[in-house]
Amino acid sequence: MQFSKFGNKFSQHSGITQLMDDLNDGLRNPDAIMLGGGNPAAIPEMLEHFEDLSRRMLDDGSLVAALSNYDGPQGKTAFIAALAEMLNKTYGWQVTSKNIMLTNGSQCAFFYLFNLFGGQYDDGSFKKILLPLTPEYIGYADSGLDPDIFTSFKPTIEHLDNRQFKYHVDFDALEIDESVAAICASRPTNPTGNVLTDEEIAKLDKLARANNIPLIIDNAYGVPFPNIIFEDVKPFWNENTILCSSLSKLGLPGVRCGIIIAQEEIITALSNINGIVSLSPCGVGPALALEMIKTGDLLSLSETVIKPFYQKKAKRSIELLQKAIPDNRFKIHKPEGAIFLWLWFEGLPISTKELYQRLKQRGLLIVPGEYFFIGSDLDWDHTRECLRMNYVQYDDAIARGIEILKEEVEKAYAES
Ligand code: PLP
């Protein structure tokens, strides 16, 4: 069958789709240890909260109302108004309902945004999305209607105590010209757990303004919800910023709710796209979140349940990893947020794609780092020496996984 250009691009079974299939079906092996995917943890207090909340909303009719009605293309009005009020109260921002719209998951928001700004323009020019620091979120990689809509820069590496390191934006290398349409960074970053410092964000904001382009900040793990951020950094928004949040990492990936906060012109454009692509975004997540704003649970559960849960898990996983693999060539990116650890095996004689295959043979699934260096053809050994491990699984699965990883890494190093 013949497909259009769009069809050919988006129907391909790319390497990453294959990888995600692997991760998703757990190798069809019930004993597989899944330290790969991005599903949030099943936190018992959160599950209980969602159960109670759904029951209450069934009783008062608001859940069935959300199930049985379309919202407008901008998304549920009452939730948008309550969110604007909450953000203004919490951070002193001056956001109105005209600055917020909803999508079916923030993945969908990035598809809209990257294609709103990146790609072919009427004047014949071609513009790209600049990722100021790779590795960056794998989900961006294939989202352009046009190929090659990303350009990116490698980071500088700060070596820290305790076999940890941290990436920074290399502002000396960063070049922005008229071929760049927007800057985008996830904060906290999937896959590394890096959190761009306040200073880095301020510099990116300045650069964006100076070049008259927006700064897109992917806040899927950030504040005020789900608040999986362990550094004391300031939330950031202004009229030139496009801030994208999500209900997924709160524990609600199934409701597919993404939230975009931006200047009115962009919100209007994106709402129109929403209307064409999906009529209106799903209303169930916003209905649940509206109740959580009214009761104060959205902020308090993020702060007192979600954040400490992941922080404890990250700490425990690092202890297990460092004890199991005492080799000085093994380093971990400082975990500053999100739900992953980024592991660096310096000088590993095989690529992490090869290591991934060997680990898979032994029933352990961890994502090889190569896939996260989007928008560049870097000839840099580092891109083949890192793995992304999620730490949301139960402790005994993580411990078994680390044991397998240790054995396979030792074997690989012995091959040099
Ligand atoms: N951004 C980042 C950094 C992510 O890690 C994810 C999902 O893992 C998303 C965006 C998309 O999430 P969702 O579409 O569930 O909101």
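The values are calculated or read from the model by the stated rules, or taken from the named source; none is laboratory data. Everything numeric in this text was worked out from a predicted model, so none of it was measured. Neighbour counts run over all protein chains shown; Cβ positions are idealised from the backbone, glycine included. These area figures cover heavy atoms from the full protein model, side chains too; ligands, DNA and RNA do not enter into them. Shrake-Rupley method; radii C 1.70, N 1.55, O 1.52, S 1.80 Å.
Do we find that K331 is open to solvent by 10 Å² or more (accessible area, probe 1.4 Å) and assigned to a strand (DSSP E or B) in this structure? Yes, satisfied. For segment 96-145, the set of residues classified as open to solvent by 20 Å² or more (accessible area, probe 1.4 Å), among the small types (G, A, S) and either touching a Pro at 6+ places or on another chain (Cβ under 8 Å) or assigned to a loop (DSSP other than H, G, I, E, B) (or both) consists of G124, S125, A141, listed by residue number.
Restricting attention to segment 156-203, the residues that are within 16 Å of the ligand (Cβ to nearest atom) and part of a loop (DSSP other than H, G, I, E, B) total 10.
In the set Y394, Y413, only one residue is of a type outside the set (S, T, N, Q) and open to solvent by 20 Å² or more (accessible area, probe 1.4 Å); that residue is Y394. Among the residues of segment 229-247, at least one is touching a residue at least 12 places away in the same chain (Cβ under 8 Å) and either among the basic types (K, R) or not assigned by TED's automatic domain parsing to the domain that holds L113 (or both).
Given the criteria closer than 30 Å to P44 by Cβ, out of contact with any helix residue (DSSP H, G or I) (no Cβ under 7 Å at 6 or more places or on another chain) and assigned to a helix (DSSP H, G or I), does S300 qualify? The answer is yes for S300.
One residue stands out among those in segment 236-256 that are open to solvent by less than 40 Å² (accessible area, probe 1.4 Å) and away from the ligand (no atom under 11 Å from the Cβ): the one that is nearest to N39 (Cα to Cα), which is G251. Looking across segment 221-248, the residues that are aliphatic (A, V, I, L, M), under 17 Å from the mean Cα position of the chain (by Cα) and not in a strand (DSSP E or B) come down to V223, I228, L247.
Restricting attention to segment 204-223, which residues are within 16 Å of the ligand (Cβ to nearest atom) and at pLDDT 95 or above? Break it down into steps so the answer makes sense when it comes.
So the first thing to find is which residues in segment 204-223 are within 16 Å of the ligand (Cβ to nearest atom), and the list is 215-223.
Result: L215, I216, I217, D218, N219, A220, Y221, G222.
Only one entry in G38, G105, G75 is touching a residue at least 40 places away in the same chain (Cβ under 8 Å) and in the same structural domain as I366 (by TED's automatic domain parsing), namely G38. Scanning segment 44-64 turns up at least one residue that is basic (K, R), exposed (fewer than 15 other Cβ atoms within 10 Å of the Cβ) and out of contact with any His (no Cβ under 8 Å at 6 or more places or on another chain).
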